[in-house]
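To start, the structure itself, in structure tokens.
Derivation of every value follows stated rules applied to the coordinates shown; laboratory data play no part. What you see is a predicted model, and the numbers here were worked out from it, not measured in a lab. For neighbour counting, all protein chains shown are included, and Cβ atoms are generated from backbone atoms with ideal geometry for every residue, glycine included.
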Amino acid sequence: MNTYTQLTRDKRYQMFVLLTFGARHKDVAEALGVHKSTISREFKRNCPDGRYNPHRAQRLTNARRAHRPIRRRFRAIHWRCIQALLQRQWSPEQIAARLRREKRFAISAKWIYEHVRRDRAGGGSLWRHLRRRRYRRLYDYRGHMPGRVDIRQRPAIVERRTRLGDWEGDTLLGTTESLGVLSLCERRSRYTLLAKLAPRNAMQVKDKLCALLEAYPVRTLTFDNGTEFSAHRAIAEQLNARVYFARAKAPWQRGLNENTNGLLRQYLPKGASLNSVTERDLDYIMQRLNHRPRKALGFKTPYEVMNRTRTELTDSLPAVALDR
């Protein structure tokens, strides 16, 4: 196994969840599919006080990368090739795909759009060769959703976790992104709800989400900025709740949801297809998570806190006499 694997942001959050539950470095490495020296190196570089924080680790990594000299991969000859193809009225997607297919060189459509933007800002005319004169810019529009209410306007009581009914929502994607899983977590109880869906179908997300929450108290919902939540106004109206959005690229503002997604990866590994996952599979995962004692709840289960009840989780075990 390669000993120089770099951890991604998602793997750092998974690592945090595993460490929280007492996993050893060796076990963490095996779960993440990296060499154990990667975990040791992560602590050495990004854990100055001995307490692992995935957000801080990612920030320190980004800061080191920002100070590295930029190596320009594309030279003038590359851009001349691209400009020649733009002048044939090829789209950036067509250019990128064909260059890769003919094994000339690899470049993304996003880079080509950015080159066209810079060319136009400098008085160039490459943009005139695009089919749409107001050309697409393949940037991340997350955080610019119409009508979104920023998390900074969310009531402070939500942060304190003193009441039931404040939920966080996200989606997990499979390899093709054709199918995904809707993940909802209640902040006070850590109760988890799951449903299978087409992740970019906002109305299906709305219908599934409202159906899941129909039997539960709902005061607020906090989402990330994915387009699957673009029907947030309809969700708020149907559930009579307020909807807020975390800042783009700030997953710690939905920390419970991120940590729960890390737990879900035990059952739904990252990179695996979700096409074969059934609603019965998701019911099983929910049962496992919602009836698992949590240290943050004084070792009560999410089910017990959500339903204000008490259950016997060990009564099916063999009877054991205590030593006196």
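Give, in nm to one decimal, the length gained when the segment between Arg160 and Gln266 is fully stretched (0.36 nm per residue of separation minus the Cα-Cα distance). Display every interim value, and only then the final one.
Values: separation 106, 0.36 × 106 = 38.16 nm, distance 2.84 nm.
So the extension gain works out to 35.3 nm.
Give me the count of lysine pairs in segment 151-307 whose alpha carbons sit under 29 angstrom apart, restricted to pairs 8 or more positions apart or on different chains.
The result is 15.
Let me have the 222 nm mean residue ellipticity of the chain computed from DSSP H runs of 4+ only, each contributing -39500 (n - 2.57), with the sum over all residues rounded to the nearest 500.
Working: 13 runs with 131 residues, N = 324.
Taken over the chain, the calculation gives -12000 deg cm²/dmol.
Please compute the net charge surrounding Asp170, taking Lys and Arg as +1 and Asp and Glu as -1 over other residues with Cβ under 11 Å from its Cβ. Mind dumping the intermediate values first?
Numbers: positive: Arg254; negative: Glu168, Asp224, Glu228, Glu258.
That works out to -3.
Which GluC sites (Glu not before Pro) from segment 147-250 combine a DSSP loop assignment with at most 11 other Cβ atoms within 10 Å?
Details: sites: Glu159, Glu168, Glu177, Glu186, Glu214, Glu228, Glu237; in loops: Glu177, Glu214.
Loop-located and lightly packed - Glu214.
Between Asp10 and Arg233, what is the label-to-label distance in nm when each label sits 7 Å out along the Cα-to-Cβ direction?
So the two model labels end up 3.2 nm from each other.
Of Ala215, Met203, Gly180, which is farthest towards the positive pole of segment 171-243's charge dipole, taken about the Cα centre with +1 and -1 on the beta-carbons of Lys, Arg and Asp, Glu respectively?
Ala215
Of the options Ser40, Asn62, Gly50, report the single residue whose Cα projects farthest towards the positive end of the charge dipole of segment 9-66 (beta-carbon charges: Lys, Arg +1; Asp, Glu -1).
Farthest towards the positive end: Asn62.
Counting DSSP beta bridges with both partners in the chain, what percentage is antiparallel, nearest 5? Each step should come with its number before you reach the end.
On the way: 14 of 23 bridges.
Among the beta bridges of the chain, antiparallel pairing accounts for roughly 60 percent.
If I fit a long axis through the Cα atoms of helix 76-86 and take the longest principal axis of the Cα atoms of the chain, what angle between them do I get, 0 to 90°, rounded to 10?
90
Considering only Leu85, Met306, Ala250, whose Cα is most displaced toward the positive end of the charge dipole of the chain, charges sitting on Cβ of Lys, Arg (+1) and Asp, Glu (-1)?
Sorting the options by dipole projection puts first Leu85.
Charges at C-beta only: +1 for Lys and Arg, -1 for Asp and Glu. How large is the resulting dipole of the chain about its Cα centre, in Debye rounded to 20?
Values: 68 positive and 30 negative charges, 469 e Å.
Dipole about the Cα centre, nearest 20: 2260 debye.
Treat the count of other C-beta atoms within 10 Å as a stand-in for reagent exposure and order Phe245, Phe74 from fewest to most. Present the calculation step by step, with values, prior to reporting the outcome.
Numbers: Phe245 25, Phe74 13.
The fewest-first ordering by Cβ neighbours comes to Phe74, Phe245.
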